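J.: One structure, pasted below without further comment.
The values are calculated or read from the model by the stated rules, or taken from the named source; none is laboratory data. These numbers were taken from a predicted model, which means no experiment stands behind them. As a convention, Cβ positions derive from the backbone with ideal geometry for all residues, glycine included, and neighbour counts pool all protein chains shown. We work out accessible area using only protein heavy atoms, side chains counted, and drop any ligands, DNA or RNA first. Shrake-Rupley method; radii C 1.70, N 1.55, O 1.52, S 1.80 Å.
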Amino acid sequence: MRGRRRKPRPPIPWRSPWTLVVCLAGGAVVAAIVVTSAMAKDVVVVVDGKRTAVRSFAASVRDALGDAGVALGYGDVVRPPAQQPLADGATIEVRRARPITLTLDGRTSEHLVTSTDVAGALAELAIPAAAGRVSAPPDEAVPLSGMALTVYTRRKVYVVAGATRLAARTTARTVREVLRQERVGLGRGYLVEPPLTSFPKDGTVITVRPPRTDPVDPAVAALNWRALAECVSKSDPRAYNAEGPYYGMYQFSVPMWKAVGGPGLPSDWPEEEQTYRAQLLYQQVAGRWQGQWPSCGARLFARP
């Protein structure tokens, strides 16, 4: 029996002249992919607290932000700096600038902050949130378009109104508001310094005086009232003499004080008010000082 005839072997592909070319090309592609993968950097971009993972081939922080679609504006803060080389695994933080129109104790100025809430904005502006009255709550968001903030700091002011002498801590916007907070009543025609609508800055002394409806003749005002007060009471506005009784720098009796429009007791009021009422008394008695200050009245005519 004749043996079966063997089939010829198929040609081995790798022995083809194109096999080497195909293998080299595939290797080059793989190598390129490996090299490209090695060049890519995985970074995290944080914009105003919002995190985004980004794969970038950028060489710098600025270029990586461009790959992430983040454009930088005036006043924006970037960490690390935009010109710094980009490192694989880096975290890039961007805080966008927000305009603030700040009115602090009545004075308005323009600022840029990067905080996203009012508390942070005040901290950037070096204003303690608890140190005064703020027009917005600390947790309110500051929009990219900006906002206006009004702040009144806590100040120490002084009030002198008759027998009332007090020091007050206040965030008031006006003198009127201070007096209202301290429950200092104002009678009709009362005089207030500084004016009721003025801003009470730190250290302000607010004086409240009764009305002055009667003018003082300049010749009377020019007399030596300082010398009279020194003789009568050693210029002590709180002086008291139980014999009368008599009160204050010019030792008024209560009836005479009321006769010249003085409210309360003479010693309740500051020196200027007591002097004004003494000058009115001098005018009322037509200059006959002997009945009022018999021992000291002549001092009115002494040279200053």
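J.: So how far apart, in nm, are the two label points at ALA130 and ARG165 if each is 7 Å from Cα heading toward Cβ?
T.: Distance between the two pseudo-spin positions: 3.4 nm.
J.: Given a 1.4 angstrom probe, what's the average accessible area per residue across the chain, in square angstrom? Could the numbers behind the result be given before it?
T.: On the way: 18790 Å² over 304 residues.
For the chain, the solvent-accessible area averages 62 Å² per residue.
J.: Given contacts defined as C-alpha pairs under 8 Å and at least six residues apart, what's the relative contact order of the chain, whole-number percent?
T.: Here the relative contact order equals 10 percent.
J.: Going by accessible area, probe 1.4 Å, with all protein chains left in place, what is the ranking of ASP105, ASP139, ASP88, ASP63, largest first? Working shown, then result.
T.: Values: ASP105 35, ASP139 125, ASP88 105, ASP63 80 Å².
Reading off the accessible areas and sorting them downward yields ASP139, ASP88, ASP63, ASP105.
J.: Over the alpha-carbon set of segment 181-304, divide Rg by the Kirkwood Rh and report the Rg/Rh ratio to two decimals. Provide the component values of the computation, followed by the final result.
T.: Values: Rg = 15.5 Å, Rh = 15.5 Å.
Ratio value, two decimals: 1.00.
J.: Give me the lysines in straight-line cross-link reach of LYS41: C-alpha distance below 29 Å, same-chain residues under 8 apart excluded.
T.: Answer for LYS41, where 29 Å is the Cα cut-off: LYS50, listed by chain and number.
J.: Another question, then. Tell me the carbon and sulfur percent of the accessible area for the chain, rounded to whole percent, probe radius 1.4 Å. Don't skip to the answer; put the middle values down first.
T.: Working: 10380 of 18790 Å².
With neighbouring chains kept in place, the figure for the chain is 55 percent.
J.: Right, another one. Rounded to whole Å and ordered largest first, report the semi-axes of the equivalent ellipsoid of the chain derived from its Cα gyration tensor (root of 5λ).
T.: Values: eigenvalues 1807, 49, 35 Å².
Equivalent-ellipsoid dimensions as semi-axes: 95, 16, 13 Å.
J.: What net charge is computed for the residues neighbouring ALA82, neighbours being all others with C-beta under 11 Å from the C-beta of ALA82, Lys and Arg scored +1, Asp and Glu -1?
T.: Working: positive: ARG62, ARG79; negative: ASP63, ASP76.
Summing Lys/Arg as +1 and Asp/Glu as -1 gives 0.
J.: Another question about this same structure. So what's the angle, to the nearest 10 degrees on a 0 to 90 scale, between helix 19-39 and the longest Cα principal axis of the chain?
T.: Helix 19-39 sits roughly 10 degrees off the main axis of the chain.
J.: So, taking all protein chains as they sit and a 1.4 Å probe, how much accessible area belongs to PHE57, in Å² rounded to tens?
T.: 120
J.: Please compute the net charge surrounding ARG209, taking Lys and Arg as +1 and Asp and Glu as -1 over other residues with Cβ under 14 Å from its Cβ.
T.: On the way: positive: ARG165, ARG188, ARG212, ARG277; negative: GLU193, ASP214, ASP268, GLU271, GLU272, GLU273.
Charge balance near ARG209 sits at -2.
J.: Tell me, rounded to the nearest percent, the portion of alpha carbon pairs in segment 66-163 spaced more than 20 Å apart. Could the numbers behind the result be given before it?
T.: Numbers: 2356 of 4753 pairs.
In whole percent, the long-distance tail amounts to 50.
J.: Now a separate question. Quick one: go through segment 84-99 and flag any residue whose amide nitrogen is under 17 Å from the point 7 Å out along the Cα-to-Cβ line of ALA40.
T.: 87-90
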